Each structure stands twice: as structure tokens, then as C-alpha cells.
Amino acid sequence: MSLQHGSIESFFLDGKAGRLEALLNLGLPNAQYACVVCHPHPLFGGTMHNKVVFHAMKALNAFGFPVLRFNFRGAGASAGEHDNGRGEISDVQVALDYLARRFSLPLIFTGFSFGAAIGLRAAVPNPLVEALIGLGLPVQADGREYIYKFLRESRKPKLFLSGDNDEFATPEELTRILASAGEPKRLAIIPDADHFFTGHLDEMRTALSGWVREVLGSSETPAV
């Protein structure tokens, strides 16, 4: 039996620190894009099964796009040890390379929290990545400061979605930091939402889907 849209493959990617546990939600044969979604900080319980990551995957897969999730080194069943964001950049590169080889489609990068902060560093310079989505982009978290000067030269469409009660980045901080990011870009703030969009996941997903329809010109596929 052939695999169809909605099917899920479970496998391992060959990462530089060892195997990376991955899940691929398959898309349609005529998909416009292939996508990767990166999870939050693994030392604080972040994995590819995080609710924000899952909802982002569902939103993108609804357009018929294949969507890859994976566990960073040292998370879940992935080999290796957490590398404070350094080696994790290469983990994202491995995922992007896999999607490019398998589907020969332009790529959409999506990351949540740590996954956004680290993954954008791999996705911005990658010529096959045509769109960037950052969910809950952190500025200050547990004594760490995240810097985004590398976004200045990016001319790829960018969506940044956060809650106005995000513990790791206020709307004012995000507005200031993203003011220097290259166009086109959009910062969308969801009222009353915290860092994990608790109680507001549907709003997060609606905002993400609306941006994909408007900016990328894609349409959701009928449910089967």
C-alpha cells in the first residue's frame, strides 16, 4: 500500500552527533513546499511532541505540505548531548538537507522558542529555504540572551508570532529587535497568550495559516 497524505513516517536522520529521531507527516504529490518544525529547549522538556510544534505541523500539513519534526541531539531518542545551541544548528541543517533531497521543493522553516532562535541561524543562509516562521521567539531566557542581527540581510518572507504575555520576550522587545530585520516581515501578537500559547493554540494556528495563504499564496486541502 502506497503512503498517502496524512500518513506518518518514523525514522532517524544521520546527524553529526549521531542519529536524530524524526517524524514526517506526508503531504500531497503536488505540494508547493516542504517544511521543518523545530522544538523548544530540550533541557526544559522540549521535544518534537510539544503542543506548539504539533499545532504548527498540523497547520502546515493542512496545506498538503510534507512536514518534518525531529528531536535535537540528546532529546528523546536522539543521540548525542545538548550543545548549548552550537551543534544544534547543524541538526537543523541535516533536517533541511534531508527535505531538499527527498522532495526537491522550496522549504519553509518553522521553529518554536529555542527551535526558532537556533534554527533561524541555519535557515536564513540556506538558499532552498524560501520562508521563515518564528513562534515565541525568545529574547531573554534563563540567563541567556538571544541576538538576531543575522536577520538584517534576509529578504525572505518572515512571520513572527508571540503572545503579549510571553515570559521570554515582550512585544516591545520584539518590535525593537525585529525593526532591523530585512523585509518582508510581520510581527503578530496574540492578546493574553503566554510563551506556550496556553489556551490560545487555535489562535496561533489561525494566524500562521492566514499568513501562509496571504503571503505564500497557498490553500488548505479538503479534509479526507
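Applying the set (1) among the small types (Gly, Ala, Ser); (2) closer than 20 Å to Val53 by Cα; (3) more than 12 Å from the chain's Cα centre (by Cα) to Gly182 leaves exactly one unmet item: (2). Which residues, taken from the range 147-189, are touching a His at 6+ places or on another chain (Cβ under 7 Å) and buried (at least 17 other Cβ atoms within 10 Å of the Cβ)? Listed by number, the residues that qualify are Gly163, Asp166, Phe168. Within the range 75-84, does at least one residue satisfy the condition of being modelled with pLDDT of 95 or more, in contact with a His (Cβ under 6 Å, 6 or more places away or on another chain) and not acidic (Asp, Glu)? Within the range 75-84 (the criterion being modelled with pLDDT of 95 or more, in contact with a His (Cβ under 6 Å, 6 or more places away or on another chain) and not acidic (Asp, Glu)), the answer is no, since none of the residues qualifies.
Regarding the range 127-137, can at least one residue be identified that is hydrophobic (A, V, I, L, M, F, W, C) and over 16 Å from the mean Cα position of the chain (by Cα)?
So in the range 127-137, the residues hydrophobic (A, V, I, L, M, F, W, C) come out as 128-129, 131-133, 135, 137.
When the remaining residues are screened for being over 16 Å from the mean Cα position of the chain (by Cα), the result is none.
So far as the range 127-137 goes, no, none of its residues is hydrophobic (A, V, I, L, M, F, W, C) and over 16 Å from the mean Cα position of the chain (by Cα).
When you scan the range 30-38, do you find a residue that is under 16 Å from the mean Cα position of the chain (by Cα) and in a loop (DSSP other than H, G, I, E, B), even just one?
Step one: filter the range 30-38 for residues under 16 Å from the mean Cα position of the chain (by Cα), giving 33-38.
Restricting the remaining residues to those that are in a loop (DSSP other than H, G, I, E, B) gives 33.
Checked the range 30-38: at least one residue is under 16 Å from the mean Cα position of the chain (by Cα) and in a loop (DSSP other than H, G, I, E, B).
Name the one entry in Ala169, Ala193, Ala207, Ala181 that is touching a Pro at 6+ places or on another chain (Cβ under 6 Å) and outside any strand (DSSP E or B). Answer to the check: Ala169. Against the list (1) buried (at least 24 other Cβ atoms within 10 Å of the Cβ); (2) at pLDDT below 95, the condition Val36 fails is (2). Taken as a whole, the range 13-20 holds no residue that is surrounded by 13 or more Cβ atoms within 10 Å (Cβ to Cβ), outside any helix (DSSP H, G or I) and free of Cβ contacts under 8 Å to residues at least 40 places away in the same chain.
One line per residue, one yes/no per condition, for (1) in contact with a Pro (Cβ under 8 Å, 6 or more places away or on another chain); (2) among the aliphatic types (A, V, I, L, M); (3) not in a helix (DSSP H, G or I):
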| position | (1), (2), (3) |
| --- | --- |
| Leu23 | no, yes, yes |
| Leu28 | no, yes, yes |
| Leu60 | no, yes, no |
| Ala75 | yes, yes, yes |
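Of all the criteria given as (1) buried (at least 22 other Cβ atoms within 10 Å of the Cβ); (2) under 29 Å from Gly199 (Cα atoms); (3) out of contact with any strand residue (DSSP E or B) (no Cβ under 7 Å at 6 or more places or on another chain), the one not satisfied by Phe54 is (1). Just one of (1) part of a loop (DSSP other than H, G, I, E, B); (2) surrounded by 24 or more Cβ atoms within 10 Å (Cβ to Cβ); (3) not aromatic (Phe, Trp, Tyr) fails for Thr47. It is (2). When Gly210, Gly199 are checked against the criterion of being over 29 Å from Gln32 (Cα atoms), surrounded by fewer than 20 Cβ atoms within 10 Å (Cβ to Cβ), of a type in the set (Gly, Ala, Ser) and at pLDDT 95 or above, Gly199 stands alone in meeting it.
In the condition set (1) over 20 Å from Ser209 (Cβ atoms); (2) at pLDDT 95 or above; (3) part of a helix (DSSP H, G or I); (4) not acidic (Asp, Glu), His55 is compliant with all but (1).
Restricting Ile133, Ile108, Ile118, Ile89 to residues that are touching a strand residue (DSSP E or B) at 6+ places or on another chain (Cβ under 8 Å) and either surrounded by fewer than 23 Cβ atoms within 10 Å (Cβ to Cβ) or part of a helix (DSSP H, G or I) (or both) narrows the list to Ile118.
The values are calculated or read from the model by the stated rules, or taken from the named source; none is laboratory data. Owing to the predicted nature of the structure, the values given are computational and were not obtained by experimental measurement. Positions of Cβ are generated from backbone atoms using ideal geometry, with glycine treated the same way; all protein chains shown enter the neighbour counts.
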